[in-house]
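First up is the structure itself, then whatever we jot down about it.
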Amino acid sequence: MDSIFSDRITDVPRSFIREILKVAIDPTIISFAGGLPNRAFFPVDELRDAVGRVFDINGRDIFQYSNSEGCLQLREYISHRYKKQNLNIPVENILITSGSQQGLDLLGKTLLNEGDGLIIEQPGYLGAIQAFSIYKPAFCPVPVSDDGMNLQALQQVIESGEPKLMYTVPNFQNPSGISYTEQNRADVAHILRKTKTLLIEDDPYRELRFRGSGKTSFQALLPDRTILLGSFSKIIVPGFRLGWLAAPAHIMEKIIVAKQATDLHTTHFTQSIIYHYLKQNNLEDHIARIRDAYGRQCQAMLDSIEQYFPKSVKYTKPEGGMFLWAELPDNLTALELFEIAVKDRVIFVPGDPFYVNKTNTNTLRLNFSCVDAETITVGIQRLARAINKLMETKS
Ligand code: PMP
């Protein structure tokens, strides 16, 4: 026995972001590194009231073991809300999970054998890379840019041996902030229709659109092969760890087995709190407040970047969500920039952990959800200074 650890865990990277966030505790540092929803919008008083109602209505039974699929009323609420958005997802096809992060793990457990092909966006969501890495798939990275997925690269990956799964975040992607256009979604769906590849559509930012019009979900384009993940983390609170997974019935059957093996069921106490919160409050109004603030903060970041960054830095212009993505000139790396920027008291996430096969990249993720507009301007000025300093060392 060479190691006490399983082969499964040995090569899975630690979360790089959690390491960086240790630096962010210093209050003089402006952090664009986090990926957190803004705590100012946690509906604390409303949740306190909802807790009272849970105790009044359910009494001690709320602490009993319960069913694996999750609270029926909450699943009905989710199904009904999708219906209003023209998505037909019956209650039986919805499973409540401990955050959508658990959904990713359950899908890995249920669908992936070692070496199975898995199409992943490049750059892609770090948490998905980590969750799927446990199951040792063969990652097939496909680049994404302003319009969405690179169709030629997707076609090539499919021709070189039809991967079993594809993972996508089509709305305000983490880390890049990009969204797939209608045309790109239709083209991706057209390519996938000729294959057996299953699609995982991870959509936690969908409701956080502050510009432009809503786009068709892959669930509507490819209903028989799409597994849709959703979450209350970005629209109510992340701390309850509540998300959901919607899958066609024949796939759901096995996912429930994986869920039972993992934790029997998601906590019914918190599910019930959220359900009573939703019953008493107007979620649309609440989301609109979050959207307005994130929209203003995103605009402040874009305006300051436009004004202060060297013109050779490229960046995305998100229509929603919490992140934008910047690309330095080719001869610079984001890790070098980080060293200088942290001394200038501003931090971000260097892009490397969002790639499965690249290091020392010139890319960085900037978060705008947790910093007010004035502080964003100061932070971007500091970052612009750091970029200029780094450029000087290279010239
Ligand atoms: N998917 C994406 C794309 C995310 O950005 C996140 C959170 N950062 C998650 C899933 C996990 O969210 P949850 O809190 O629902 O587990």
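Bridges between two residues of the stretch 114-220, per DSSP, are antiparallel at a rate of about 15%. Rolling a 1.4 Å probe over the protein heavy atoms leaves residue 140 with an accessible area of roughly 30 Å².
Computed over the alpha-carbon atoms, the stretch 153-243 gives an Rg to Rh ratio of 0.99, Rh here being the Kirkwood radius from the mean inverse distance. Given a 1.4 Å probe and the protein chains as shown, residue 292 ends up with an accessible area of around 90 Å². Please work out whether the stretch 355-395 counts as rounded, prolate or oblate from its C-alpha gyration tensor, where a ≥ b ≥ c are the square roots of the eigenvalues and a/c under 1.5 means rounded, while otherwise a/b larger than b/c means prolate and anything else oblate? Oblate, since a/c reaches 1.5 and b/c is not below a/b. Pairs of alpha carbons in the stretch 259-314 separated by more than 12 Å make up 78% of all such pairs.
Carbon and sulfur: what percent of the stretch 152-216's accessible surface (1.4 Å probe)?
49 percent
Think of a 1.4 Å ball rolled over the protein heavy atoms: the stretch 163-221 then has 31 Å² of accessible area per residue.
The alpha-carbon atoms of the stretch 211-362 define a convex hull whose volume equals 201 cubic angstrom per residue.
Averaged over its residues, the stretch 3-151 has an accessible area of 53 Å² per residue, based on protein heavy atoms and a 1.4 Å probe.
Under a 1.4 angstrom probe, counting protein chains only, how are 240, 323 ranked by accessible area, largest first?
Correct descending sequence by accessible area is 240, 323.
Counting only Cβ charges, +1 for Lys and Arg and -1 for Asp and Glu, the dipole size of the chain around its Cα centre is about 320 debye. Listed by chain and number, the lysines placed with their C-alpha closer than 16 angstrom to that of residue 343 are 22, 389; residues fewer than eight positions away on the same chain are left out. Across the protein chains, with a 1.4 Å probe defining accessible surface, the residues 185, 8 rank 8, 185 from largest area downward. Based on Cα contacts under 8 Å between residues 6+ apart, the chain shows a relative contact order of 23 percent.
What number, in percent, do you get for the relative contact order of the stretch 201-321 if the mean sequence gap of Cα pairs under 8 Å and at least 6 apart is divided by its residue count?
In percent, rounded to a whole number, it is 33.
DSSP bridge analysis restricted to the stretch 68-158 gives an antiparallel fraction near 25%, rounded to the nearest 5. Candidates 331, 312, 151 compared by Cα position along the dipole of the chain: farthest toward the positive end lies 312, with charges placed on Cβ. Build a GNM of the chain with springs between Cα atoms under 10 Å apart, and of 270, 361, 28 the one that fluctuates most is 28. The alpha carbon gyration tensor of the stretch 95-146 gives principal lengths a ≥ b ≥ c with a/c of 1.5 or higher and a/b no greater than b/c, which makes the shape oblate. Heavy-atom accessible surface of residue 358, to the nearest 10 Å², is about 90 Å², with a 1.4 Å probe and all protein chains retained.
A Gaussian network model of the chain, with springs between Cα atoms under 10 Å, assigns the largest mean-square fluctuation among 256, 235, 94 to 256. Normalising the average separation of contacting C-alpha pairs (under 8 angstrom, six or more residues apart) by the number of residues puts the relative contact order of the stretch 266-395 at 30 percent.
In summary, the lysines within cross-link reach of residue 84, defined as a Cα separation below 23 angstrom excluding same-chain residues under 8 places away, comprise 215, 234, 279. Here the chain carries DSSP beta bridges of which approximately 50% are antiparallel, counting only pairs with both residues inside.
Taking a straight line from the alpha carbon of residue 109, these lysines sit under 21 Å away, with near neighbours fewer than eight places off in the same chain left out: 136, 164, 196, 254, 259.
Seen from all sides and averaged, what is the projected area of the convex hull of the Cα atoms in the chain, in nm²?
21.0 nm²
The values are calculated or read from the model by the stated rules, or taken from the named source; none is laboratory data. As the structure is a prediction and not an experimental result, all values here were calculated from the model. In this analysis, Cβ positions are derived from the backbone assuming ideal geometry, glycine residues included, and neighbour counts consider all displayed protein chains. Side chains included, ligands, DNA and RNA excluded: accessible areas come from the protein's heavy atoms. Shrake-Rupley method; radii C 1.70, N 1.55, O 1.52, S 1.80 Å.
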